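Read-outs throughout are calculated quantities, based only on the coordinates presented, and are distinct from any laboratory measurement. As the structure is a prediction and not an experimental result, all values here were calculated from the model. Cβ: placed from backbone, ideal geometry, glycine included. Neighbour counts: every protein chain shown.
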């Protein structure tokens, strides 16, 4: 049986690249048939990675069949996975997020959850000496994932190990990290072709805090004005997206990669309360700047209060 390897819904670069890398490892090193899958359209930076390294876009799947063999990477949250995930035969989880709970398996499985910035870093560690066998396209995908998740080492999630692995990959490929990261972030920042609803869902995760359900959306960009110029229409779309997705509120954080700060849109009193209680912010209008806030995983979600 072929193992399906996939990450979370609304796939970012890590959830697009890591399934491809791990499927290569299972096929070529372990001799286990495996295929990378996606749970949605990849974002613009992930699409850049596929083009840059000449990688075919994995098939997008809506659900998994009963007893389908799967490996989950870059998440352990059932809300980010296919509806029938507990009916599948989950064989392994490889992740770098906090444990959420709710996944059930057919039996004991391999679970690796490490406090690193990127799943691709963990994959390379798990490969051990076999990582040297990775073709350039796999090394390029891994480098892209790490630079994306660390925001070129600016994110507080970055560890010395993530940096060392990325620098080794860049050396192997003959790539200058600053120039390559600038290409990546330019691709990430080009969101002109996306509707407001698509932007709100593009890089988002669902979480429940104190009985309230939130879609927590992050847009990382070197050109925040492109997004913030659409503030009024984005605020209008938040209500319909929340209703369609069955959540109480969409929280949109526009991350300025270069200034290392986030701007949170504040459409109502609920979000105003969240900003004030969670980040000690003083909210005077329909946006609030949060200096130093770069990471949803480490700085936003753990601090959210209502």
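Over the chain, dividing the summed -39,500 (n - 2.57) contributions of all DSSP H runs of at least 4 residues by the number of residues returns a 222 nm mean residue ellipticity of -11500 deg cm²/dmol. Between helix 269-279 and the chain there is an angle of about 60 degrees, using the helix long axis and the longest principal axis of the Cα atoms. Answer rounded, prolate or oblate for region 1-91, using the Cα gyration tensor with square roots of eigenvalues a ≥ b ≥ c: rounded when a/c is under 1.5, else prolate when a/b is larger than b/c, else oblate. Verdict is oblate for region 1-91. For region 35-64, the residues whose amide N sits under 14 Å from a probe point set 7 Å from the Cα of residue 226 along the beta carbon direction are 43-48. The Cα atoms of region 102-212 give a gyration tensor whose axes a ≥ b ≥ c have a/c of 1.5 or more with a/b no greater than b/c, which makes the shape oblate. Counting other beta carbons within 10 Å of each Cβ, put 110, 149 in order, fewest first. The most exposed by this proxy come first: 110, 149. For percent of Cα pairs over 33 Å apart, computed directly from the structure shown, the correct entry in (1) 43; (2) 21; (3) 30 is (2).
With everything on Cα atoms, drop me the angle between helix 160-173 and the longest principal axis of the chain, reported from 0 to 90° to the nearest 10. Orientation of helix 160-173: about 60 degrees from the principal axis. Remark: 289, 70 ranked as 289, 70, counting other beta-carbon atoms within 10 Å and listing the fewest first. For region 196-303, what class follows from the C-alpha gyration tensor (a ≥ b ≥ c being the square roots of its eigenvalues): rounded when a/c is under 1.5, otherwise prolate if a/b is larger than b/c, else oblate? Taking the square roots of the gyration eigenvalues as a ≥ b ≥ c, region 196-303 is rounded. Of the residues 16, 287, 282, the one with the fewest other Cβ atoms within 10 Å heads the list, and the complete ranking is 282, 287, 16. Report, to the nearest 10°, how far helix 13-28 tilts away from the longest principal axis of the Cα atoms in the chain, using its own Cα long axis and a range of 0 to 90°. Value to nearest ten degrees: 10.
If the chain between residue 129 and residue 83 were fully stretched, how many nm would it gain, using 0.36 nm times the residue separation less the Cα-Cα distance? Result for the pair: 12.9 nm of gain on full extension.
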